[in-house]
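Asker: Mind having a look at this structure? Questions to follow.
Bear in mind that the values in this text are calculations on the coordinates, not laboratory data. These numbers come from a predicted model, not from an experiment. Neighbour counts run over all protein chains shown; Cβ positions are idealised from the backbone, glycine included.
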Amino acid sequence: MEEYRHEARGHKLESTAMDKETWDAVDAFFEETVVKAGPQYDAINEATAAGGLPPIAVSACQGKQLYIFAKMLRAKRILEIGTLGGYSTTWMASALPADGELITLEYDPHHAEVALANLKSAGVGDKVKVWVGAALDNLPSVTGHFDLVFIDADKRNIPAYLEATVKLTRPGGLIVIDNVVRGGRVVDPQTGDADVDGVRQAHVDLAERDDLVATSIQTVGKKGYDGFTLVWVPG
Ligand SMILES: C[S@@+](CC[C@H](N)C(=O)[O-])C[C@H]1O[C@@H](n2cnc3c(N)ncnc32)[C@H](O)[C@@H]1O
């Protein structure tokens, strides 16, 4: 654990330890100030927990980032892989115009059921279609082009999801892949963990794609130490 001091604009700022408690407090400050999530988001997390689903949705700060991406892209169609209880789905669907559409793919029928109820309660049910089943089985039936794609399901299949969704993303569109740092294990080729291998392979694949523009960002916050990849389809 590392202590540090920082001086800025004449104010001496004394840091706390760089640990999870600090990251939680900073996220809470950001949530209160800039994020300002409506009550529907806490309600979704509560209903998701009550339904027995794991607490693995994106944070409010991350959800708002997806909302901003959708707004910047003037998204009318969004594709998500990995619905859980519909938390990230609701952030992105809230950025859509009245005639916008979001398709979200979810393997677990119970997760899909909880998500459908949450999406309806949050007032975005009309814009969202939840397709139940393995994403790799359903992706061949997804047609048309999307402005924004959010990949957040089983990490071992990220390379296949990437390959499929690049073809479904409009020129100028964006693909966001979540959980690509995995506590730093992404740099270890010998974890024996198929999810780490999936993230690593996606990066190798992206290195060979001169037609795509990509970067990966490390993050800390209430979700711990992780990160995301941005893949922009030029256009
Ligand atoms: C991290 S959670 C999604 C969180 C959600 N995007 C959010 O932030 O609110 C991952 C979800 O992907 C689903 N999933 C796992 N494997 C899948 C697969 N092969 N096809 C579709 N969904 C899958 C899981 O059941 C789980 O609900």
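Asker: When the dipole is taken about the Cα centre of segment 12-123, and only Lys, Arg (+1) and Asp, Glu (-1) are charged at their Cβ, what size is it in debye, to the nearest 20?
Answerer: Values: 9 positive and 15 negative charges, 115 e Å.
The dipole magnitude comes to about 560 debye.
Asker: Choose one of 121, 228, 190: the residue whose Cα lies farthest towards the positive end of the charge dipole of the chain (beta-carbon charges +1 Lys, Arg; -1 Asp, Glu; about the Cα centre).
Answerer: Ranked along the dipole, the leading option is 121.
Asker: Turning to a different aspect of this structure: With +1 on each Lys and Arg Cβ and -1 on each Asp and Glu Cβ, how big is the dipole of the chain about its Cα centre, in debye rounded to the nearest 20? Don't jump to the answer; show the numbers that get you there.
Answerer: Values: 23 positive and 34 negative charges, 149 e Å.
That gives the chain a dipole magnitude of about 720 debye.
Asker: For residue 149, which sequence-distant residues (separation of 5 or more, or a different chain) have an amide H within less than 5 Å of its own amide H, given hydrogens modelled in the peptide plane?
Answerer: Result for residue 149 returns 79, 174, 175, 176.
Asker: How large are Rg and Dmax for segment 22-104 when only the alpha carbon atoms are used, in Å?
Answerer: For segment 22-104, the Cα radius of gyration and maximum Cα-Cα distance read 13.1, 41 Å.
Asker: Can you show me the helix-derived [θ] at 222 nm for the chain, built from DSSP H runs with n ≥ 4 at -39,500 (n - 2.57) apiece and divided by the number of residues, rounded to the nearest 500.
Answerer: Result for the chain, helices only: -11000 deg cm²/dmol.
Asker: For the peptides 20-30, 154-164, what is the packing order when you average, over each peptide's residues, the other Cβ atoms within 10 Å and list the highest mean first?
Answerer: The most tightly packed comes first, giving 154-164, 20-30.
Asker: Report the label-to-label distance for residue 110 and residue 143 in nanometres (one decimal), using points 7 Å from each Cα along the Cα→Cβ vector.
Answerer: 3.5
Asker: Starting from the exponent 0.38 and prefactor 2.2 Å, build the expected Rg for the chain from its residue count and divide its actual Cα Rg by it.
Answerer: It is 1.04.
Asker: List, in the order given, every pair from 127/222; 64/120; 76/223; 71/127 whose Cα-Cα distance in the structure shown is over 26 Å.
Answerer: Over 26 Å Cα-Cα: 127/222; 76/223.
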